[in-house]
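Below: one structure, written as structure tokens.
Only the coordinates and a few stated rules stand behind these numbers; no lab work does. Predicted model only: the values in this text are computed from it and were never measured. Note: ideal-geometry Cβ built from the backbone for every residue, glycine included; neighbour counts use all protein chains shown.
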Amino acid sequence: MFYWFLKRIVLGPVLRLIFRPYVIGAENVPAEGGAIFASNHLSFSDSIFLPLVVERRITFLAKADYFTGVGFKGWLTAKFFRGVGQLPVDRSGGSASEAALRTGLRILRRGECLGIYPEGTRSPDGRLYRGKTGVARMALEAEVPVLPVAMIDTEKIQPPGRKRPTLGIRVGIKIGTPLDFSRYEGMEGDRFVLRSITDEIMYELMQLSGQEYVDVYAASMKERLAAAKRGRTVSLPGDPEDEGEGPGAEPETVAGVDLSELEDPAADIGPAQASDDPEPPARAAG
């Protein structure tokens, strides 16, 4: 109830008036049944504008810290995040990560919509980064379509380091044709299939958004940028300097939900796997 109150009476009208969001591809949203909205991630506001323009309710998974604050501010923060359709998840890894995955699957199996950012964290420079395979695993296990979503210009509202938002920036949301991966039914345990599906999703996001694609994880790039500020160098998996080092340069994580990088709502779920291929993501075969 509070979700719809915020969307239609409190936040929705104000945001529509100030930012005049436009949507392309709204007809691609299924009228019923579970679906995953897989979006690029440019700003904290992505989790607000996407639900604003979609008639159906979209639930995101957010780090539990947003729901455990103390005092009136903590209560208000938790109330807001629940109100905009987000559920708390433990990001400590291991069994907690698997529990987060199961939470997402429950939402999908109830015939509801789930929002995911396959990059796992916000882009540090506006480019599109390598996707994590959790989105593929969830799509196969829940047997639901994936809708690629491109957020346009949301990063201009409040760039990093800016304390106040810039008003009047018009943002856009492009929703692509639903992707059906039923041909891979029963193969959710095959990491090569999961990577192929994820790369197809990222390819569609690249096409929708027009972003330059970078075949490394956004969190790794953030680590490199932070190290550069300290005068250090960090080698990224898939970079030219990694060639010839052999397999295993980046160990696999435990299959399931990887929320260790969840600095804002709805980071993607899934293991990070290394790659030496710098090419843009390709469509899945078959």
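Remarks
- Euclidean distance between Cα centres, the range 24-47 to the range 120-148, Å: 12
- Think of each Lys and Arg Cβ as +1 and each Asp and Glu Cβ as -1; about the Cα centre, that makes the dipole of the range 2-240 roughly 1320 debye.
- Pairs from the table (Lys79/Lys174; Lys156/Lys222; Lys132/Lys174; Lys7/Lys156; Lys73/Lys163; Lys73/Lys229) lying more than 24 angstrom apart at Cα are Lys79/Lys174; Lys73/Lys229.
- Sorted peptide list for 129-136, 220-227, criterion being average Cβ within 10 angstrom, highest first: 129-136, 220-227
- Distance (nanometres) between label positions extended 7 Å along Cα→Cβ at Leu76 and Ser182: 4.8
- Local electrostatic count at Met151 - Lys and Arg +1, Asp and Glu -1, tallied over other residues with Cβ under 10 Å: -2
- Stretchable slack from Glu27 to Arg106, in nm (0.36 nm times residue separation minus alpha-carbon distance): 25.9 nm
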